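The values are calculated or read from the model by the stated rules, or taken from the named source; none is laboratory data. Since this is a predicted model, take the numbers as computed values, not measurements. We place every Cβ from the backbone using ideal geometry, glycine too, and count neighbours over all the protein chains shown.
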Amino acid sequence: MKLIFLGPPGAGKGTLAVKAVDILKVQQISTGSIFRAAVAAESPLGLKVKAIMDAGALVDDETTIALVKERLAMDDIQKGFILDGFPRTIAQAEALSGFSKIDKVINFEIPDSGVISRLGGRQVCRKCGYNFHAIYNKPSKSGVCDHCGGDVYIRDDDRPEAIQKRLVVYREQTEPLINYYRSKGLLVDIDATPMVDEIVMNFKKALGI
Ligand code: AMP
């Protein structure tokens, strides 16, 4: 199964993707994680995208499309994949249609207030990517991941100014993809506000599994 997870930052795409990967036995491809790994490694790509990411802006389409095209050419995606955070512009969606055929687009619906409260408290494991929250889901030991012992930190782009910017960017550049995919008959809406177990249930129902 080839899926796109579409929705604003903080909608829970990454959290559901981790569960869905287990259920569907497919690969999660998160462009944000790939870019963060490049930044951590201080690779040429990382040096190019760091300031853009910290400001909450989008990396240019050419760079992002090339990255995903290369990733989707790898052998491990035979059973399918979940694109988490790609495409984010119409140009990216058009390019993607040239090298992959998507089965469904899951649209995570959440109001801005929900995004702000989730991202405002988000803490992420640097090693395994697990998401914690300063109020709703604290790590047992501050700064240490319960799952892998990795370092838990606050992403630079989860600071208040960057959150606002990312929301504006989402509404302006990414939200038009909802109608784009709806008109192709691929869109499935999911209420992203309940707790994760309920979202998983609704996700399975939406896919008929
Ligand atoms: P995410 O983890 O999906 O919230 O992505 C973090 C940051 O990575 C975004 O705010 C962008 O700066 C960059 N990024 C991730 N995916 C894309 C994309 N498809 N197009 C452009 N920039 C992206």
Checklist entry - Can you tell which of GLU161, GLU172 is more than 19 Å from the chain's Cα centre (by Cα), under 21 Å from ALA55 (Cβ atoms) and exposed (fewer than 14 other Cβ atoms within 10 Å of the Cβ)? => result GLU161
Next on the checklist: Give all pairs with beta carbons closer than 8 Å in which a residue from the stretch 150-176 that is more than 12 Å from the ligand (Cβ to nearest atom) meets a residue that is part of a helix (DSSP H, G or I); count only pairs at least 6 apart in sequence or on separate chains.
Outcome noted: PRO160/GLY120; PRO176/ILE90
Item to check | Scan of the stretch 82-121 for residues that are of a type in the set (D, E, K, R) and not in a helix (DSSP H, G or I), ordered by number | outcome: ASP84, ARG88, LYS101, ASP103, LYS104, GLU109
Item to check | Output for the stretch 72-105, where each listed residue is in contact (Cβ under 8 Å) with a residue 40 or more places away in the chain and farther than 14 Å from ILE29 by Cβ | outcome: THR89, ILE90, ALA93, LYS101, ASP103, LYS104, VAL105
Item to check | Selection within the stretch 78-94 - at pLDDT 95 or above and more than 8 Å from the ligand (Cβ to nearest atom) | outcome: GLY80, PHE81, ILE82, LEU83, ILE90, ALA91, ALA93, GLU94
Checklist entry - Does any residue of the stretch 175-185 turn out to be within 15 Å of the chain's Cα centre (by Cα) and either assigned to a helix (DSSP H, G or I) or surrounded by 14 or more Cβ atoms within 10 Å (Cβ to Cβ) (or both)? => result yes
Checklist entry - Looking at (1) closer than 23 Å to GLU175 by Cα; (2) of a type in the set (A, V, I, L, M); (3) modelled with pLDDT of 95 or more; (4) within 13 Å of the ligand (Cβ to nearest atom), which is the one condition that is false for LEU3? => result (4)
Checklist entry - From the set of residues in the stretch 127-143 that are among the charged types (D, E, K, R) and at pLDDT 90 or above, which is surrounded by the fewest Cβ atoms within 10 Å (Cβ to Cβ)? => result LYS141
Item to check | Set ASP146, ASP191, ASP158, ASP151: member being acidic (Asp, Glu) and at pLDDT below 95 | outcome: ASP158
